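Notes follow once the structure below has been shown.
Please treat every number below as a calculation from the coordinates, not as lab data. Quick caveat: nothing in here was measured; it's all calculated off a predicted structure. Quick reminder, even Gly has a Cβ in these numbers, built from the backbone with ideal geometry, and neighbours come from all protein chains shown.
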Amino acid sequence: MNSFFRLITLAAIWGGSFLFMRIAANPLGPAVLIEARVGLAAVTLLVIALYLKKQLNMAGNAKHYFTLGLFNTTLPFLLFAYAAQSLDASTLSIFNSTAPIWTRTALTKPVLLGLGLGVVGVSVLVGWEAMSIGEDAIFPMMAAIGAAVSYGIATNYAKHAPSVEAFNNAHGSMWASVVLVLPLVFFLPAREAPTSEIATAVILLGVVCTGLAYLLYFRLVSDLGPSSALSVTFLIPVFGILWGHLFLDEAIGFNTVIGSIFVITGTMLVTGFSPRQFFQQKVV
């Protein structure tokens, strides 16, 4: 499987995460859903770590894992789960694609243009959702933006974080998230018992969209480098919109297309990602 196919596969998997959250968020509530998600992902990574004989050293890197787990997993997962109770999967995936915009970077002309386009794209989405859902959409949209900002904070932290193997970052931060989310479960219990459909969605969300997806992502980082691996961000909305339309009958409106174009273009300008350079690379 070459790197380009891995990239497409990862985008399809992460696009599907918003579909599964949309299915399970309302009956389970954000806390139970995310505790199940990170718990399943942590166990999946533990099994893989035991097979590969990888040592985690949780005690020695506890502060690092909890910081990474808070901003890269706990907060964004909870905020997106809260938003998924009201917003459709396509809208959530587009908000997610703004994450690179919120990383600290020099304000050059392309970056300023990208920020402007990103703001326009988000405004198109926000305006439409506000009209279709009403005032109830305000807090979910703020939560979705907050989740993307949290990813930006995690990215900035990672630039100055202790040097830890990528697999252990994923594994350790997932266990940290299990601990961080657990107390919320007692205050925000599930609203109803999970059906087979909901249970399947949660299992796929935890094992495939989180545990296995992290392994695929870090393989891409190793093969292509962080900048090219970041291109998955631009592809996630394509699959988020597609899965939402195919499985949840979500309409693909004019606002969705226009908002996506502005957000993705703006994010590319902010990050300096060049599709031409990416396709000129030898991806094997």
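The figures follow:
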{"item": "Rg/Rg_globular for the stretch 1-107, with Rg_globular taken as 2.2 N^0.38 Å and Rg from C-alpha atoms", "result": "1.23"}
{"item": "Where labels lie 7 Å past Cα in the beta-carbon direction, separation of D223 and L50 in nm", "result": "2.9"}
{"item": "Structure-based [θ]222 nm, the chain - -39500 (n - 2.57) summed over DSSP H runs of at least 4, per residue, nearest 500", "result": "-24500 deg cm²/dmol"}
{"item": "At least 27 Å along the helix axis (C-alpha) and Kyte average at least 1.0, DSSP helices within the chain", "result": "3-52, 109-133, 166-187"}
{"item": "Percentage relative contact order, the stretch 1-112, counting C-alpha pairs under 8 Å, at least six apart", "result": "43"}
{"item": "Cα lying deepest toward the dipole's positive end in the chain, options Y82, V257, T98, charges on Cβ", "result": "T98"}
{"item": "Protection proxy ranking, peptides 15-28, 191-204, 51-64, 145-158, average beta carbon neighbours within 10 Å, highest first", "result": "15-28, 145-158, 191-204, 51-64"}
{"item": "Cβ-Cβ FRET estimate between E192 and L246, R0 fixed at 25 Å, reported to 0.05", "result": "0.50"}
